[in-house]
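Have a look at the structure below before the remarks.
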Amino acid sequence: MISTYVSRLRLSRDLPLSRRKMLFVSPLQRLRVLQRSTVNRKLSDFVRVVEVGPRDGLQNEKTVVPTSTKISLINRLSSTGLKTIESTSFVSPKWVPQMGDSSEVFTSITKAPGVSYPVLVPNLKGLDAAISSGVKEIAVFGAASNTFSMKNINCSIEESLIRFQEVAKAALKAGIRVRGYVSCIAGCPYEGEVKPSVVARVSESMLEAGCYEISLGDTIGTGTPRIITNVLNEVKTIFSRDLTLFALHCHNTYGQALANIFTGLTLGVRVFDSSVGGLGGCPYAAGASGNVPTEDLLYLLQGEGLQTGVDFEKIVEIGEWISKQLGRDNQSKVGVALASRRR
């Protein structure tokens with residue numbers, strides 16, 4: 001600690017007083033100060049789309065998807081202008097057989113310049129495997145529901161906070177970026193209603209641990225605009241009423257995903273997770289669809305005059321292709337409509 005303080009003191013000599021003070025505060029305090037300067041700025045017209053189909057979309061498929069299909073899916077997505085493609089998950093094959101080929105998938109995909117390929121990591125063992133595969137970004141996850149946390153990762157919320165802090169610390173030391181997920185922000189399949197204050201507390205802990213961004217997940221898709229508004233307003237109190245460090249991850253189980261995304265847009269969210277073709281499912285609601293389709297999200301954003309840098313037509317084609325590969329119906333309303341028009 002003393003050596004770190006001395007090195008910061010030496011570094012600060014040639015800096016203005018305002019920047020000099022920033023060297024001696026915690027990462028979270030530093031982020032808060034930086035965020036205050038952006039509160040009154042005009043909201044950006046650019047929206048970053050985080051594609052989660054290869055990981056969150058495929059992990060609930062009952063039939064194991066061929067490794068070659070996963071690689072082809074990611075490579076196709078890499079040519080669309082997407083800047084973030086969640087590629088796989090370094091979890092135990094015993095618990096998630098679909099992700100048993102994570103290392104082969106990650107090392108075999110063609111990494112496009114300027115594109116990030118984050119992977120989900122549940123613990124230090126998973127992190128070690130990810131590092132061995134050359135991963136540059138990981139995602140850690142927690143929940144705003146104690147029961148869900150116990151069922152999903154076999155530990156309480158408090159225990160999960162300690163666990164992902166350890167993983168984040170080790171990842172950052174290795175030069176790996178860390179993104180955070182908070183599940184069940186709008187409801188839990190076991191507890192029902194979830195308090196927005198718990199969502200904010202878990203989010204704050206993740207930011208303290210060094211996550212550059214927090215993805216707020218409506219895991220079972222029960223959220224409505226009113227619920228999402230309450231959650232986001234609570235979260236905004238962490239950073240002087242700014243949401244630039246937060247993303248929304250909306251599931252479409254009850255058909256509310258786009259309405260909730262639009263709510264997020266009006267409140268200042270500019271990062272959204274989605275899955276091409278609506279890949280994914282909800283294990284807590286039999287037969288229910290999962291992630292909001294990337295096609296539907298892009299159609300909404302384009303209609304609102306927002307920029308994404310993503311080739312809409314290519315995404316639609318990929319949604320049709322992967323749906324056929326999996327032998328399932330395309331869950332994208334936009335994709336189905338455009339396919340029908342072409343026919």
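Just one of the listed residues (T88, T107) is closer than 28 Å to C188 by Cα and either modelled with pLDDT of 95 or more or of a type outside the set (F, W, Y) (or both), and it is T88.
Could we say that E295 is under 25 Å from R179 (Cα atoms) and either of a type in the set (S, T, N, Q) or at pLDDT 95 or above (or both) here? Yes; evaluated as a whole, the condition is true for this residue. For segment 52-94, a residue qualifies if it is under 16 Å from the mean Cα position of the chain (by Cα) and in a loop (DSSP other than H, G, I, E, B), and the qualifying residues are V52, L58, Q59, L82, K83, E86, S87, F90. If we keep just the residues of segment 213-259 that are within 20 Å of L300 (Cα to Cα) and among the aromatic types (F, W, Y), which is surrounded by the fewest Cβ atoms within 10 Å (Cβ to Cβ)? My answer is Y254. Could we say that S323 is crowded, with 24+ Cβ neighbours inside 10 Å, hydroxyl-bearing (S, T, Y) and more than 25 Å from G192 (Cα to Cα) here? No: the conditions fail for S323. On the given criteria, is V182 closer than 23 Å to N260 by Cα, among the aliphatic types (A, V, I, L, M) and crowded, with 20+ Cβ neighbours inside 10 Å? When the stated conditions are applied, V182 passes them. Please work out if E193 is of a type outside the set (K, R), at pLDDT below 95 and either surrounded by fewer than 17 Cβ atoms within 10 Å (Cβ to Cβ) or closer than 22 Å to E51 by Cα (or both). Here the answer is yes, as E193 does meet what is asked. Among the residues of segment 181-221, those identified as on the phi < 0 side of the Ramachandran plot, of a type outside the set (A, V, I, L, M) and in contact with a His (Cβ under 9 Å, 6 or more places away or on another chain) are Y181, S183, S215, G217, D218, T219.
Can you pull out the residues in segment 127-158 that are loosely packed, with under 15 Cβ neighbours inside 10 Å, assigned to a helix (DSSP H, G or I) and small (G, A, S)? The answer is S132, and nothing else. The single residue among P113, P93, P97 that is over 20 Å from M206 (Cα atoms), surrounded by fewer than 23 Cβ atoms within 10 Å (Cβ to Cβ), touching a helix residue (DSSP H, G or I) at 6+ places or on another chain (Cβ under 9 Å) and not basic (K, R) turns out to be P93.
The values are calculated or read from the model by the stated rules, or taken from the named source; none is laboratory data. Predicted model, so just to flag it, every value in this text is computed and none were measured. Don't worry about glycine lacking a Cβ; one is built from the backbone with ideal geometry, like all the others, and counts go over all protein chains shown.
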